[in-house]
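**Q** Here you go, one structure.
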Amino acid sequence: MNIPQHNAVIAVSALAPCPAAVHTTEPGLKKGCRHLPERRLNGIFFRQELRSRHLSTKRCHSALQPRGGPRTQAFALISSSTAADGSSDDLMDTKATLCAELLKVAPNGLEANADEQAKIAQLVTQLESKNPTSTPARSELMGGFWRMLYTDMEPAPSSGKLGPFIGAVYQDLRPKEDKILNLLKVGLPPIRGGLTADLQIISDDTWRITFDNVQQFLGPFKVQTKVFDRVTPEVRLWKVTFLDEDIRVLRAKKEDASDEESFIFVMERSEPERFVLGE
């Protein structure tokens with residue numbers, strides 16, 4: 001991540017909203033279902049709801065819905081299969097707990113204070129310890145369309161803050177083509193941006209990302225194209241610390257930075273939200 005902003009209108013990297021509800025068994029409330037208070041996002045009131053995670057897929061699912069309208073933003077933590085043993089249950093519990101904590105700092109982690117970031121980092125570390133994929137950087141699970149749920153990076157385009165707007169970031173990962181696309185989507189105004197970059201697998205858990213070009217759109221109109229210098233390239237390292245069919249966690253940093261300078265990014269697979277720049 002850490003993708004630079006190239007003008008005041010649009011930047012390439014932002015972050016998707018986080019969950020809207022948590023599982024509950026509080027007395028007087030139906031098990032697994034809880035309506036939470038409304039909060040304002042981008043000037044629109046959203047009703048926050050929880051749907052039971054006691055589904056056949058062990059889903060911890062929540063959504064943000066505008067009054068009287070279809071769902072526009074969603075968060076889901078989905079295990080790869082119905083829990084068959086204690087370890088699978090433990091993984092789902094960790095995911096559900098993380099889901100609940102991300103709700104508190106929605107959208108994008110932008111509202112998180114230092115204590116909340118520390119708590120989420122601890123939960124992410126617990127999730128990483130349960131990583132079911134031994135060589136994630138080489139796994140076929142890496143490919144596909146992913147939506148960003150959370151980062152501990154400061155408010156900036158890479159964390160979804162673009163001036164007064166909060167956008168969603170998606171990653172279209174194409175390891176068979178050695179390419180990735182980072183895509184920014186803001187609802188109003190209809191801002192879209194995309195970074196194309198080359199990827200190189202440099203270890204079992206790490207991709208080296210070299211920026212190629214940025215394209216920026218306002219509605220259907222392309223407003224800027226930037227090509228990066230290949231002599232002194234912009235490079236990031238993505239260390240993938242958790243990967244299953246639905247969730248990916250990576251720690252991203254500049255190539256010359258220390259591990260302590262990396263940022264956490266939590267991603268969810270989101271093929272139904274796939275879109276193409278300029279369309």
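**Q** Here's a check for you: in the stretch 116-130, which residue that is in contact (Cβ under 8 Å) with a residue 40 or more places away in the chain and surrounded by 17 or more Cβ atoms within 10 Å (Cβ to Cβ) is farthest from residue 270 (Cα to Cα)?
**A** Here the answer is 120.
**Q** For the stretch 156-166, which residues satisfy the criterion of being assigned to a strand (DSSP E or B) and crowded, with 19+ Cβ neighbours inside 10 Å?
**A** Matches in the stretch 156-166: 161, 162, 166.
**Q** Another one. For the stretch 167-279, list the strands (runs of 3 or more DSSP E) that sit wholly inside it and hold at least 3 residues that are aliphatic (A, V, I, L, M) and touching a residue at least 40 places away in the same chain (Cβ under 8 Å); which are they?
**A** 179-186, 191-201, 247-254, 263-269
Only the coordinates and a few stated rules stand behind these numbers; no lab work does. Fair warning: this is a prediction, and the values are worked out from it, not measured in the lab. Cβ coordinates were reconstructed from backbone atoms using ideal geometry, including for glycine residues, and neighbour counts include every protein chain displayed.
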